[in-house]
Amino acid sequence: MVESLPKTRCLAVAVATPLTPDFHPDLPRLLAHISRLLALGCDGVTIFGTTGEGAEFSVEDRTSALEAIITAGIAPGRIVVSAGTASIPDVVRLASHATAQGVHGVLLMPPPYYRSGISEDATFRYFSTVIDRIADADLRLYLYHFPDICGIPITPQVIRRLEDRYPGTIAGIKDSGGDLHFTMDLLRRFSHLSVFTGSEIHLPELVAAGGRGTICGLGNVMPRLMRAMIDEPTAFDRRALVPMVQSGDATLSRRPFIPSIKAIVAGALGDPAWLRVIPPMPDLPLQERNRICADFIAWDAALPPAMQSFTRADADAPLTNVVDLRRA
């Protein structure tokens, strides 16, 4: 049987991408990171999404990285590939390549450069153009609703039109809009589709309502806590863990999300190479970076042992100390 993402209670991490000094994906570190996340209970990964700085990599970087991940033994059915970029021909190349590799699905949002005056008809035409040019019955497309990033909402009307035009192609929606009412409306209208949330604190309600799970950035640094919250038997039990998630997220939120995620991984692993971000993403000031790392590791250590991702003794790579990264 081909490994794939579970139908319910799915935890897929929007993976941060480690970089080489010349801003290509650092494949050995990326593979190690993905392997560790899967070993810590994650069901799958999304590569080259917003947390993964994906839109700033070339098509060649992204396709070769996917091939390397699969060659290393990660089941393609556990991978979602974000194909977002400004050029429609590049989107088509990325999505066609990922589909040919047998991945679980392709995630796509409209390009973020035109943030006003984009109608529902124009949004439909964007996705329709991409699907027509891919022209592959095996395409499983996840529509990525993240208006804070791209400025263009994916409305229920657009989803319905795409479903009517391309039956079987639209696999689901990732909703990172942060509006629980909108997410629940999607679940009511499109119960036959896979609805993922990008807002981790909405998981209790989403799981209870039959949503598929989450594709989330916090899974990079708190996979065991996220796994525990999804697996709790009732919505009440899941909601009881939300304050823990919010507390860890509050440390990250002091500074921009992507460099903060990378700083925590770098500090926990003692690997300054993880600090690299692609310009114009900001580097964190040294003092603030060290403080975020120390506070986050202390937060992780205070969790119940089964929920600790960095300090639990039986973790694949026990990480008990924040390493001073002054040399980075």
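The values are calculated or read from the model by the stated rules, or taken from the named source; none is laboratory data. Computed from a predicted structure; not experimentally measured. Cβ placement follows ideal geometry from the backbone for every residue including glycine, while neighbour counts extend to all protein chains displayed.
Quick rundown of the values:
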| quantity | calculated |
| --- | --- |
| Residue check for Leu241: buried (at least 17 other Cβ atoms within 10 Å of the Cβ), outside the structural domain of Arg29 (by TED's automatic domain parsing) and at pLDDT below 95 | no |
| Considering residues of the stretch 83-135 that are of a type in the set (Ser, Thr, Tyr) and in contact with a Lys or Arg (Cβ under 8 Å, 6 or more places away or on another chain) only, the residue surrounded by the fewest Cβ atoms within 10 Å (Cβ to Cβ) | Ser128 |
| Of all residues making up the stretch 12-60, the number that are surrounded by fewer than 24 Cβ atoms within 10 Å (Cβ to Cβ) and among the hydrophobic types (A, V, I, L, M, F, W, C) | 15 |
| Residues satisfying the stated conditions in the stretch 70-82, i.e. farther than 24 Å from Asp132 by Cβ and either surrounded by fewer than 24 Cβ atoms within 10 Å (Cβ to Cβ) or in contact with a Lys or Arg (Cβ under 9 Å, 6 or more places away or on another chain) (or both) | Ile70, Thr71, Ala72, Gly73, Ile74, Ala75, Pro76, Gly77, Arg78 |
| Flag if Ile258 is in a loop (DSSP other than H, G, I, E, B), under 20 Å from Asp26 (Cβ atoms) and at pLDDT 95 or above | no |
| The stretch 149-162 - residue that is within 19 Å of the chain's Cα centre (by Cα) and not in a loop (DSSP other than H, G, I, E, B) and, of those, farthest from Asp132 (Cα to Cα) | Ile149 |
| Restricting the stretch 106-126 to residues that are touching a strand residue (DSSP E or B) at 6+ places or on another chain (Cβ under 7 Å) and without any contact (Cβ under 8 Å) to a residue 40 or more places away in the chain, the residue that is farthest from Gly49 (Cα to Cα) | Val106 |
| Identity of the residue in the stretch 177-202, crowded, with 23+ Cβ neighbours inside 10 Å and either assigned by TED's automatic domain parsing to the domain that holds Pro243 or among the polar types (S, T, N, Q) (or both), that ends up farthest from Arg9 (Cα to Cα) | Thr183 |
| Checking Arg212 against (1) closer than 25 Å to Leu37 by Cβ; (2) out of contact with any Cys (no Cβ under 8 Å at 6 or more places or on another chain); (3) of a type outside the set (Gly, Ala, Ser), the condition it does not meet | (2) |
| Residues of the stretch 306-328 satisfying the condition of being within 25 Å of the chain's Cα centre (by Cα) and either at pLDDT below 95 or assigned to a helix (DSSP H, G or I) (or both) | Ala306, Met307, Phe310, Thr311, Arg312, Ala315, Asp316, Ala317, Pro318, Leu319, Val322 |
| Helices (runs of 4 or more DSSP H) wholly inside the stretch 1-120 that include at least 2 residues being closer than 21 Å to Thr169 by Cα | 88-100 |
| Given (1) surrounded by 21 or more Cβ atoms within 10 Å (Cβ to Cβ); (2) more than 19 Å from the chain's Cα centre (by Cα); (3) not small (Gly, Ala, Ser), index of the condition Val265 fails | (2) |
